[in-house]
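So the structure is just underneath, and the comments pick up after that.
FYI, it's all coordinate maths here, none of it is from the lab. On a predicted model such as this, the values are computed, not experimentally measured, just so you know. Every residue, glycine among them, receives a Cβ derived from its backbone with ideal geometry; neighbour counts consider all protein chains shown.
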Ligand SMILES: Nc1ncnc2c1ncn2[C@@H]1O[C@H](COP(=O)(O)OP(=O)(O)OP(=O)(O)O)[C@@H](O)[C@H]1O
Ligand SMILES: [Mg+2]
């Protein structure tokens with residue numbers, strides 16, 4: 001052995017900096033996690049089918065509760081569920097299948113629009129509320145006043161004031177719910193507001209709206225999805241409940257709640273008229289809730305490390 | 001010393017947290033000057049208020065009293081928008097905890113570009129990319145890292161991302177808050193060398209926060225020793241190591257490991273006992289006991305320290 005058998009090699013410094021792992025993508029990981037749950041996939045298919053049927057079937061059936069072509073045809077009334085009338089017919093000879101999907105469509109429209117308004121308003125206001133200490137002082141007072149009025153009472157008062165109808169119901173639900181979502185977001189923002197990376201952004205002169213968009217909002221994805229998956233079924237139930245007690249949609253509009261109320265008198269004689277809409281509304285709520293919760297879990301990056 | 005320009009003046013700075021009855025004064029009547037181009041170290045144990053001072057300079061922490069002057073302009077309290085932006089461009093900070101100071105949901109590209117976006121410090125998208133690539137290579141990282149997220153990096157790499165995002169602003173003053181204390185010993189030198197390199201190339205002034213003197217000896221020109229929110233001694237590095245006066249400084253010095261194992265073995269650790277000070281009648285204040293050497297003491301102690309210096 002002698003020294004001349006060895007040569008010096010250059011140390012490749014940048015090689016040690018190389019990251020070998022594949023690129024991480026947040027949304028890809030979210031979907032991978034979501035689709036690893038068989039129940040969630042099943043419920044997603046259910047929820048998606050419900051959406052499709054509810055928005056397509058009424059186009060063909062043209063169901064309208066005020067139109068009763070078979071009202072004088074006794075043979076058409078109270079037909080039990082069979083091959084032609086899957087859900088049977090009601091007291092005026094209308095197909096319950098048509099009625100249920102028309103009602104589901106209205107419930108879904110109300111719930112989805114009210115959820116969208118509540119979420120957008122709640123998240124935007126909640127983020128500024130949680131981030132700005134000045135705004136918190138004012139908002140918390142407003143919140144304390146409204147949080148102490150029972151939600152149902154407020155909705156009912158609004159419905160009596162503005163009358164029954166889809167738009168009124170969407171308005172009443174959104175107006176009474178967005179503040180709760182904003183408060184929920186405010187608490188979450190306060191938890192992450194003074195984390196060091198937010199201080200770093202402030203040091204770099206990042207304006208508040210960009211800090212909220214880049215540093216705060218991405219951390220809220222999971223809680224926002226949680227809130228949505230809670231609101232959609234909740235608003236469906238509210239529509240059902242309010243129409244049932246007669247302050248939601250009128251009997252002129254197809255509605256699951258209105259139907260349940262109208263058919264509750266047949267609980268003994270033709271119980272399918274009552275139970276089918278009840279089961280469908282429960283089924284929709286559960287499927288949307290489970291899809292939402294699984295998505296909320298999957299959008300928390302802590303579940304991505306396996 | 002006199003020909004050097006004072007770039008940062010901290011005057012009688014106090015910072016109190018909390019309100020009502022539960023207040024806690026984290027920083028008490030702190031005074032120091034930082035000269036242009038030097039490395040000024042603030043050393044003290046955990047909880048002594050080092051981070052609080054650093055954050056007051058970058059205006060994250062509001063002051064309870066005192067003022068901070070940068071380049072002859074007051075930068076504490078309420079500032080006009082132009083002043084605010086001017087201060088941000090001039091003074092940047094590297095944060096203590098590399099695990100917490102990067103936004104986990106943003107790519108390295110965004111994190112490093114953040115300051116550029118805020119002040120539109122680029123001509124076009126290409127220029128921005130070139131600047132980010134340059135900033136990455138300045139800290140020894142690769143352009144391919146831009147599309148990665150912080151959690152994919154090691155502690156040392158993350159801290160260098162933190163340095164890159166501050167340095168891309170081309171600040172004149174950098175507050176480095178214990179930039180290496182959370183890092184593995186093996187990579188500390190790398191980060192320190194990086195800071196030294198920037199200082200040489202860009203005439204950067206650095207306020208370097210650390211919790212032990214051994215780190216600071218090789219990089220700083222002057223050192224302030226802080227104890228419970230108060231600067232107890234401030235001097236040039238060699239002066240402080242050779243002629244330390246305050247018992248707290250002495251105890252910190254005794255904790256510095258020595259390269260000779262024989263001496264190290266027989267070395268005596270000095271424990272600081274606050275009760276050696278009798279401040280009941282004779283009140284202490286901050287004195288310049290010798291040009292450039294400051295100490296927190298009362299008259300009786302000053303007499304004693306003067307004798308020690310001879
Ligand atoms: N936002 C705050 N609210 C209340 N107390 C605080 C706040 N920030 C810091 N403190 C307190 O002020 C004191 C000084 O904290 P600081 O973070 O400045 O210490 P430090 O010297 O940086 O310590 P370390 O070496 O552990 O980083 C501590 O007792 C801390 O609990
Ligand atoms: Mg600290």
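Extension gain for residue A:210 to residue A:140 (0.36 nm times residue separation, less C-alpha to C-alpha distance): 22.8 nm. Going by neighbour counts of Cβ atoms within 10 Å, the residues B:241, A:97 line up, fewest first, as B:241, A:97. Summarised as an ellipsoid, chain A has semi-axes of 52, 28, 12 Å, derived from the eigenvalues of the Cα gyration tensor scaled by 5 and square-rooted, with the largest first.
Whole Å is fine, so just give me how far the alpha carbon centre of the range B:90-144 lies from that of the range B:1-75. Taking the Cα centre of the range B:1-75 as reference, the centre of the range B:90-144 is 27 Å away.
Taking every DSSP helix (H) stretch of at least 4 residues in chain B, weighting each as -39,500 (n - 2.57) and dividing the sum by the residue count yields a mean residue ellipticity at 222 nm of -10500 deg cm²/dmol.
First measure r as the distance between the Cβ atoms of residue A:16 and residue A:52, then evaluate 1/(1 + (r/R0)^6) with R0 = 51 Å and state the FRET efficiency to the nearest 0.05.
0.40
Computed from Cα positions, the angle between helix A:217-244 and the longest principal axis of chain A comes to roughly 10 degrees. In plain terms, if you count all Cα to Cα distances in the protein assembly as shown and split them into 20 Å steps from zero, the share in each step is 16, 35, 26, 16, 7, 1, 0 percent. With a cut-off of 19 Å, note down the residues of the range B:89-109 whose backbone N falls inside the zone around a label point 7 Å from the Cα of residue B:147 toward its beta carbon. Zone members listed by number: B:105-109. Rounded to the nearest Å, what's the spacing between the alpha carbon centres of the range B:146-170 and the range B:213-263? Just the number, please. Value for the Cα centre distance between the two parts: 31 Å.
Within 10 Å of each Cβ in peptide B:141-148, how many partner chain Cβ atoms are there on average? Round it to a whole number, please.
Mean partner-chain Cβ count within 10 Å for B:141-148: 3.
Projecting label points 7 angstrom from Cα along Cα→Cβ for residue B:4 and residue B:121 puts them 2.5 nm apart. Largest mean-square fluctuation among A:243, A:107, A:25, in a Gaussian network model of chain A whose springs join Cα atoms under 10 Å apart, belongs to A:25.
Compute the Cα gyration tensor for the range B:6-276, then decide on rounded, prolate or oblate, letting a ≥ b ≥ c be the square roots of its eigenvalues: rounded whenever a/c is under 1.5, prolate when a/b is larger than b/c in the other cases, and oblate in all that remain. In terms of gyration-tensor shape, oblate. Going from the residue with the fewest nearby Cβ atoms within 10 Å to the one with the most, B:93, B:169 rank B:169, B:93. Helix A:272-298 and the long axis of chain A differ in direction by around 10°, with both axes built from C-alpha atoms. Springs join every pair of Cα atoms under 10 Å in this Gaussian network model of chain B, and among B:244, B:285, B:275 the largest mean-square fluctuation is at B:275. Neighbour counts of C-beta atoms inside 10 Å place A:159, A:127, A:135 in the sequence A:135, A:159, A:127, starting with the fewest.
Shielding by partners for B:92-102, please: the mean number of other protein chain Cβ atoms within 10 Å of each residue's Cβ.
3
Applying 1/(1 + (r/R0)^6) with r as the Cβ-Cβ distance of residue A:62 and residue A:250 and R0 = 25 angstrom yields a FRET efficiency of 0.85. The long axis of helix A:38-61 is offset from the longest Cα principal axis of chain A by roughly 40 degrees. Going by a ≥ b ≥ c, the root eigenvalues of the Cα gyration tensor, does the range A:246-296 fall in the rounded group (a/c under 1.5), the prolate group (a/b larger than b/c) or the oblate group? Oblate, because a/c is 1.5 or more while a/b does not exceed b/c. Histogrammed with a bin width of 10 Å, the alpha carbon distances of the range B:182-302 distribute as 11, 37, 33, 16, 4, 0 percent, first bin at zero. A simple spin-label model places pseudo-atoms 7 Å from Cα toward Cβ; at residue A:7 and residue A:151 they are separated by 7.6 nm.
In chain A, helices alone account for a calculated mean residue ellipticity at 222 nm of -22000 deg cm²/dmol, with every DSSP H run of four or more residues adding -39,500 (n - 2.57).
Between A:219, A:85, A:289, the GNM of chain A built on Cα springs shorter than 10 angstrom shows A:85 fluctuating the most.
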